[in-house]
Amino acid sequence: MTSGAEDTAPLPGLGEPTGRPGDPAWYTRRFELVLYVLAGATYIGFGVFHKWLLNWVVGPIWLVTWIWAVPIVVDRLRRPSTGASP
Amino acid sequence: MSWAAHQFETYAIQAHLPKRWAGRISYLAIVVGDQIPDFVAKFWVYGFNIGGRHYGAAEPFKFHRGWPGAGFTHSLGFALLLAGLVWWFTRSRGWTAGLLLGMAAHSITDINDSVGTMLAFPFSTENFSVGTWAYAATPGGKYLDARAYYSSFGFVMDAIWLVILLMTPKVLSERYWRDVIVPADAKVWTWLGRRFPERALLAVYRATFFYGLTRMIAWTGWAHLLDPDPLRGWDLTWTGPDWIPAFTLSDLSPWVALAVALAFAAAIVVSVGRILGPAPEDDVGPATLAD
């Protein structure tokens, strides 16, 4: 993370990579937005049937896990195929 | 008691801080301060069952908000005491001020239910309530409480806080997090940044909003769409819903409660101003995760 002049630069468009350190090159802001929506939909979906999930510990962990772990999993799944290509 | 309002109000406060305070108050401390009043008492309010036996408060509203009980957690005295302890141990102006703001927000929002809060403790053990909706926590547990809250003006209160928050959507943006939130809590975010990628840190910052919004949708959807009860539906009347007894601990006028809440808020704002002191004249620029 940086400050100063770079902070005033416009953020990447929805279809562009986030440009953050640690994010895969294919990880776009649109993909991230979809992750947020999916995290919310699954949390509500599971929560209404398993109400013990609806608490202030599980809720935040649910979101952070989606945003943190899904790109890692997708990256692992993509790696073998990209590695095999010339 | 209030539900998602306690999540939304943290961002609303953060977004509407005076310019001279922005970037100097820890948002994480606001969240912690907003959680503390219920964190201390809530598990015993609903209680739990082991072997068919219920453990918990016999009269949850008295335990949660009364004296003797845990009502002191929603008060000026407790907020100042805890903030004083944090200052004593950490010397962090940002955390001390943030805790005060968070605890004050929680205590003031909760004057809206019929039981209200002991804002003036330890000077008084009187509860101050506006009575906007019925306090509905019972030994029966959380479901009935949720159904009552999300059938009453409690739902409206959550929605109002959500609208206030969404009027300043920049507070949830990545840039705002970088420029305002991180510098106010550089040590914590730097520590987290060594362990997690930035996208996870940003999700941590947004997690309180996520939890507030999803719990509001989930409980409202459950109460009115998934498992509607024809005898326990919407009732947007003052101190509703009328299908549950509205517990009270005081007969004071709502106007007195409002006046005390305003005085309480003023005392907190003055205290935060004193804690932060004047704005630094030479701005050296925001701290960063790389610092």
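Here are the numbers:
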quantity: Helix-only CD estimate at 222 nm, as mean residue ellipticity for chain B, using -39500 (n - 2.57) per DSSP H run (n ≥ 4); calculated: -16500 deg cm²/dmol
quantity: Kyte-Doolittle at least 1.6, axis length at least 27 Å by Cα - qualifying DSSP helices, chain B; calculated: B:254-276
quantity: Gaussian network model of chain B, springs between alpha carbon atoms under 10 Å - residue of B:VAL182, B:VAL86, B:VAL45 with greatest fluctuation; calculated: B:VAL86
quantity: Around B:ALA159: net Lys/Arg minus Asp/Glu count, Cβ-Cβ under 14 Å; calculated: -1
quantity: Fraction of antiparallel bridges per DSSP, the protein assembly as shown only, in percent to nearest 5; calculated: 75
quantity: Cut-off 20 Å, label 7 Å out along Cα→Cβ of B:ASN49, residues of segment A:42-81 by amide N; calculated: A:48-55
quantity: Overall form of segment B:5-276 per C-alpha gyration tensor (a/c, 1.5; a/b vs b/c); calculated: prolate
quantity: Calculated FRET value between B:LYS19 and A:VAL57, using beta carbons and R₀ = 56 Å, to 0.05; calculated: 0.95
quantity: Exposure rule at most 14 other beta-carbon atoms within 10 Å, DSSP loop trypsin sites (Lys or Arg not before Pro): chain B longest free segment; calculated: B:92-193
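Here, each number is a calculation from the coordinates, and none is a lab measurement. Note that the structure is predicted; figures quoted are calculated from it, not measured. In this analysis, Cβ positions are derived from the backbone assuming ideal geometry, glycine residues included, and neighbour counts consider all displayed protein chains.
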